[in-house]
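One structure is given below, encoded as structure tokens.
Values in this text are rule-based calculations from the coordinates and carry no lab data. Given the structure is predicted, the values throughout are model-derived calculations rather than measurements. Ideal geometry is used to build each Cβ from the backbone, glycine not excepted, and the neighbour counts take in all protein chains shown.
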């Protein structure tokens, strides 16, 4: 009986020791890589509106502006999306009573493209029919995916290079990557360009876009980065 108890005790002790041996020479560290990319896409938001007391007159004015905007947008190489469209009565309250005072119709469009000069000319051309809410610059999805693949590869190569260097410092013949995680993909405007995004909100279009469609706002540069963290056993 005593021999069985001693044998069981030795087995209980040996398991943690074996598990501990597997964790010798474990090093955890991280590396990152990033690249600056020029913003290659411009987008703009517009509102087409009409309002007044007479419903039919409001609708006629709105349809004219709406059709003009749509027709002019078809002449460009950019993408045009109708975001929303609504028509509703307007009310005011007098002595606790709701009284209809008029009618309004509204539509919101998003226009996006890579030819900035063409978009600027379009913005100037539709001033009579639509109000510009803002413009924005960003990196296109296709270009962003290419850059993410590139920086992911660069970060992994940096991780491997650091593991090689540590192996030499520790004097080991090699190592094994036990765990490797691709971390958060970061993106921010480089060089303080964030102020350019949506900077035209609540500004008169004529103040930024002349008759020739010359844009006083320029695209910026985004820095796209990714981090890699992992565990290496030497």
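The table below lists the values:
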quantity	calculated
Ascending count of other beta-carbon atoms within 10 Å, so fewest first, for 42, 88	88, 42
Anisotropy class of the range 42-138 from Cα gyration tensor, a/c 1.5 cut	prolate
